[in-house]
Amino acid sequence: MAERFDVAIVGAGPGASMAAYVLAKAGLDVVVFERGDYPGSKAMFGGVLYTTVLSRFFPDFLESGCVERHVVEKRFSMLSASDELSLGFKFLSFEPPYYNHSFTALRAIFDRYLATKAEEAGAAIITQTVVDEVIMRDGRVTGVRVRREGGEVNANVVIAADGANSLIAQSAGMRGELPLSVILGVKEVVSLPRPVIEDRFSLEGDEGAAYEYLGGGAVRGTMGAGFIYTNRDSISVGFGIPLGALQRLGVHPDVLLNEFKTHPVIRRLLRGTTPVEYCAHLIPEMTPQNLPRFVGDGIMVIGGAAGMVNANPLFHEGTNMAMASGVLAAETVIQAHKAGDFSAKALSPYVTRLKQSFVWQDYERYQRLTRFADTHPQFFGKYPYAMTEMAKKLFSVLPDGNGLQVPKRKLEMAVADYMLAEMGLLSFGMDLLDAAKAAML
């Protein structure tokens with residue numbers, strides 16, 4: 001292994017591999033360090049991959065088998081102790097080959113595909129290697145210290161792509177301790193024959209489904225969400241919950257996952273499955289004040305290490321944002337390489353371009369909604385249970401005292417009485433107004 005590279009990238013996730021690919025195609029000497037046995041072996045995400053960036057560089061990615069199913073159905077649900085209130089969308093009109101650029105995927109497969117593309121372009125992918133810290137000389141980053149023979153690898157630029165708890169960014173003084181708003185994602189992959197999945201979820205061929213369960217009975221009424229995503233011959237099931245909320249619950253994540261899996265609504269979807277894989281991962285849900293600095297002298301921070309995720313349960317985006325930030329960082333480095341200047345000032349166009357892109361714009365917009373949810377816990381606690389109960393009351397078919405049926409007017413009045421008693425018309429209206437304001441800012 002050479003002692004000096006143009007760029008050293010720490011982490012081999014999608015953002016890292018996209019950066020390595022773009023840099024290597026431009027002729028730069030690039031090394032990527034991955035602590036796992038292979039790219040993706042220690043990575044986890046919920047399971048939906050958005051492919052606008054990917055298809056720009058690899059229009060034939062579908063031929064590789066690196067994704068599982070294209071998502072045609074999205075369902076958003078609230079669970080009570082035994083019931084479900086849901087809103088679903090099924091879109092069958094999006095055309096091939098990319099089908100709205102929404103696919104389920106497994107990181108162990110997808111990350112290896114993307115790393116192979118970077119390697120084919122000329123990047124060196126070094127696995128089973130822990131990077132302990134950056135090397136600082138005269139106040140600037142000049143390389144990384146690795147647990148391999150030789151120990152030190154020098155580079156003009158180091159790209160930190162080592163996830164939410166980025167030790168590289170921390171060792172460079174780019175960030176502080178993680179806040180309790182960071183989300184713990186816990187997922188189990190369970191196997192199920194492909195024909196059974198397609199029959200159970202009303203799918204055909206390579207169609208897939210993504211179900212989100214907001215607060216309520218999914219996560220004991222706290223801020224968070226459960227999920228179910230269909231793969232080819234398996235299902236990804238899990239939840240995401242902020243560390244602070246998990247701390248307040250005082251429950252082990254395994255217990256919470258088992259409660260979700262055995263909920264009367266969920267267990268029917270998982271009937272006959274066999275556990276295959278269990279994993280957990282931190283998702284960097286942070287306010288702008290908690291984000292790391294994106295550039296320094298000789299260093300850049302991308303993807304999850306930069307806190308670039310959209311954790312809003314309507315979208316749950318991160319991997320596409322990581323890939324986009326990797327491309328923007330790489331293109332900035334190429335220009336810095338031409339100028340022979342790797343200072344923070346020379347690398348700052350990355351920050352400008354990042355904030356002009358969907359990555360920052362979506363992060364900023366939906367992060368405000370996440371902060372709103374944090375100050376209005378009733379949207380994840382009281383309201384899912386109450387709204388599910390109101391729907392149950394409205395659609396109940398009840399006999400009256402005369403052997404006939406209770407008229408709908410009485411059911412409607414029962415719903416109104418319940419709402420006034422459990423939610424309060426004024427307080428609920430004010431909460432909805434606050435939500436509208438947060439969404440429109």
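The values are calculated or read from the model by the stated rules, or taken from the named source; none is laboratory data. Nothing here was measured: the structure is a model prediction, and the numbers come from that model. FYI the Cβ positions are ideal-geometry reconstructions off the backbone, even for glycines, and counts take in every protein chain you see.
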Apart from one, (1) over 25 Å from Val219 (Cα atoms); (2) touching an Asp or Glu at 6+ places or on another chain (Cβ under 7 Å); (3) hydroxyl-bearing (Ser, Thr, Tyr) all hold for Thr352; the odd one out is (2)
Does Tyr113 qualify as being of a type in the set (Phe, Trp, Tyr), surrounded by fewer than 22 Cβ atoms within 10 Å (Cβ to Cβ) and either assigned to a helix (DSSP H, G or I) or free of Cβ contacts under 8 Å to residues at least 60 places away in the same chain (or both)? yes
I'd like the full set of residues that are crowded, with 23+ Cβ neighbours inside 10 Å and either of a type in the set (S, T, N, Q) or touching a helix residue (DSSP H, G or I) at 6+ places or on another chain (Cβ under 6 Å) (or both), limited to region 269-294. Pro284, Phe294
Answer from Asp132, Asp162 - the residue that is within 22 Å of Gly326 (Cα to Cα), crowded, with 18+ Cβ neighbours inside 10 Å and either in the same structural domain as Val327 (by TED's automatic domain parsing) or not hydrophobic (A, V, I, L, M, F, W, C) (or both): Asp162
Across region 402-412, which residue is farthest from Thr388 (Cα to Cα) among those that are among the aliphatic types (A, V, I, L, M) and surrounded by 12 or more Cβ atoms within 10 Å (Cβ to Cβ)? Val406
Tell me which residues, restricted to region 56-95, are closer than 19 Å to Pro384 by Cβ and not in a strand (DSSP E or B). Ser80, Ala81, Ser82, Asp83
Any chance Leu243 is under 26 Å from Gly176 (Cβ atoms) and in contact (Cβ under 8 Å) with a residue 12 or more places away in the chain: yes
Those residues of region 23-48 which are in a strand (DSSP E or B) and either surrounded by fewer than 20 Cβ atoms within 10 Å (Cβ to Cβ) or at pLDDT 95 or above (or both), in sequence order: Val30, Val31, Val32, Phe33
Hey, can you tell me all the residues within region 137-158 that are closer than 19 Å to Gly340 by Cα and not β-branched (Val, Ile, Thr)? Arg137, Asp138, Gly139, Arg140, Gly143, Asn154, Ala155, Asn156
Enumeration of residues in region 353-370 that are touching a helix residue (DSSP H, G or I) at 6+ places or on another chain (Cβ under 9 Å), surrounded by fewer than 20 Cβ atoms within 10 Å (Cβ to Cβ) and of a type in the set (S, T, N, Q): Ser357, Gln361
Every residue from region 303-350 that is assigned to a loop (DSSP other than H, G, I, E, B), crowded, with 24+ Cβ neighbours inside 10 Å and of a type in the set (A, V, I, L, M): Met308, Val309, Ala311
Under the condition of being assigned to a loop (DSSP other than H, G, I, E, B) and touching a strand residue (DSSP E or B) at 6+ places or on another chain (Cβ under 8 Å), which residue from region 378-435 is nearest to Val219 (Cα to Cα)? Phe380
Condition broken by Ala386, with the remaining ones in (1) exposed (fewer than 14 other Cβ atoms within 10 Å of the Cβ); (2) of a type in the set (Gly, Ala, Ser); (3) under 32 Å from the mean Cα position of the chain (by Cα) satisfied: (1)
All but one of (1) part of a loop (DSSP other than H, G, I, E, B); (2) closer than 24 Å to Ser17 by Cα; (3) at pLDDT 95 or above hold for Ile168; which doesn't? (1)
Residues Glu68, Glu73: which one is buried (at least 19 other Cβ atoms within 10 Å of the Cβ), acidic (Asp, Glu) and either modelled with pLDDT of 95 or more or outside the structural domain of Pro264 (by TED's automatic domain parsing) (or both)? Glu68
